[in-house]
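The values are calculated or read from the model by the stated rules, or taken from the named source; none is laboratory data. Keep in mind that this is a model prediction, so the values were computed, not measured. We place every Cβ from the backbone using ideal geometry, glycine too, and count neighbours over all the protein chains shown.
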Amino acid sequence: MLSDKEIIEIAQNIYKTEIDALINRREKISENFIKTAKKILECKGKVVLTGIGKTGIIARKISATLASTGTTSAYMNSTEGLHGDLGLINKEDIVIAISNSGESGEISAIIPAIKNIGAYIIAMTGNINSSLAKVSDLVLDTHVDEEGCPLNLAPMASTTSALVMGDALAGCLMKLRDFSPQNFAMYHPGGSLGRKLLTRVKNLMKSGESLAICTKESGMDEVVILMNDKKLGIVCVMESQSLVGIITEGDIRRALKHKENFFSLKAKDIMTVNYTKIDKEAMATDALSLMEDRPSQINVLPVFDMENFIGIIRIHDLVKVK
């Protein structure tokens with residue numbers, strides 16, 4: 001039976017082996033990596049990742065990362081490729097074949113057919129002298145000195161090396177494509193991530209009868225009633241069709257410091273005229289940053305359509321899409 005200390009040491013050794021392997025590979029990123037990134041950028045078709053077993057799992061993950069970051073990509077299990085799935089490959093495509101040994105029988109068996117189709121082949125392998133490397137158009141070296149497995153048999157460091165190589169490619173391609181958060185949101189419309197990146201101020205703002213509106217001559221009794229009834233934390237002071245100021249709960253609290261004169265004041269006496277505002281087309285995340293990334297945080301913003309005041313947005317509405 002292993003002691004607790006021995007269990008921790010085994011885990012730490014595996015971490016160290018994989019980290020050391022990544023550091024070693026990082027320092028050996030070659031011109032072939034640059035060529036691969038540029039080749040994918042110029043690709044008129046899609047990038048097909050293929051592998052078998054554990055490298056197949058890595059290939060699927062890399063393909064998913066590429067697809068979600070602006071590079072059209074698909075995964076093909078190498079064994080299934082022998083039985084019809086090669087039909088998804090076209091001559092305009094790039095095929096990235098992942099095999100640590102470079103001698104996987106299933107991958108070797110489909111390479112001739114891929115060449116006949118005319119697709120460009122990139123090997124991602126730990127053996128640059130392997131059969132796969134020799135028949136490929138370009139080779140990405142993912143070699144590791146040891147796996148980290150106590151028996152040095154199960155793929156560990158080698159699959160990590162291939163995975164990070166794929167992530168590095170995806171990251172570089174994002175920069176090369178000038179891929180933005182909004183682009184990312186298009187491929188992730190579901191769940192909290194999609195809501196965070198796609199939601200605009202106009203989708204969340206309060207408008208029309210929901211607003212608390214007064215004039216500059218409105219008294220404090222009217223302002224307090226409006227603040228309480230609408231429960232938005234703001235009263236909008238209007239003149240004609242223009243927003244000339246806002247009154248927040250903070251403005252009222254400050255005015256109450258002189259409570260003996262409070263009900264003799266008018267809205268114009270306590271309103272904030274130099275208020276921070278935001279456009280209706282701004283992203284919800286931008287509105288949240290505007291409220292929070294300042295010396296004194298604010299909880300509500302007037303919303304404008306060009307020069308026209310159309311509503312307000314509260315921090316309470318924004319945090320729902322964080």
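Numerical summary
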read-out: Lone qualifier among Ser30, Ser73 - being in contact with a strand residue (DSSP E or B) (Cβ under 6 Å, 6 or more places away or on another chain) and in the same structural domain as Ala162 (by TED's automatic domain parsing); value: Ser73
read-out: Pairs where the first residue, in the stretch 266-290, is within 17 Å of Leu198 (Cα to Cα) and in contact (Cβ under 8 Å) with a residue 24 or more places away in the chain and the second is crowded, with 18+ Cβ neighbours inside 10 Å and basic (Lys, Arg), C-beta under 7 Å, 6+ apart; value: Thr285/Lys196
read-out: Single residue of Leu301, Leu256 found to be touching a helix residue (DSSP H, G or I) at 6+ places or on another chain (Cβ under 7 Å), surrounded by fewer than 17 Cβ atoms within 10 Å (Cβ to Cβ) and either of a type in the set (Lys, Arg) or not in a loop (DSSP other than H, G, I, E, B) (or both); value: Leu256
read-out: From Glu92, Glu103, residue being loosely packed, with under 15 Cβ neighbours inside 10 Å, acidic (Asp, Glu), assigned by TED's automatic domain parsing to the domain that holds Gly45 and touching a residue at least 40 places away in the same chain (Cβ under 8 Å); value: Glu92
read-out: Meets criteria (of a type outside the set (Ser, Thr, Tyr) and within 22 Å of the chain's Cα centre (by Cα)) for Asp279; value: no
read-out: Residue pairs meeting the criteria (Cβ under 7 Å; at least 6 apart or on separate chains; first hydroxyl-bearing (Ser, Thr, Tyr), in the stretch 211-225; second part of a helix (DSSP H, G or I)); value: Thr215/Ala267; Ser218/Ala267
read-out: Selection from the stretch 142-156 of residues that are of a type in the set (A, V, I, L, M, F, W, C), under 12 Å from Asn24 (Cβ atoms) and either exposed (fewer than 15 other Cβ atoms within 10 Å of the Cβ) or in contact with a Leu (Cβ under 8 Å, 6 or more places away or on another chain) (or both); value: none
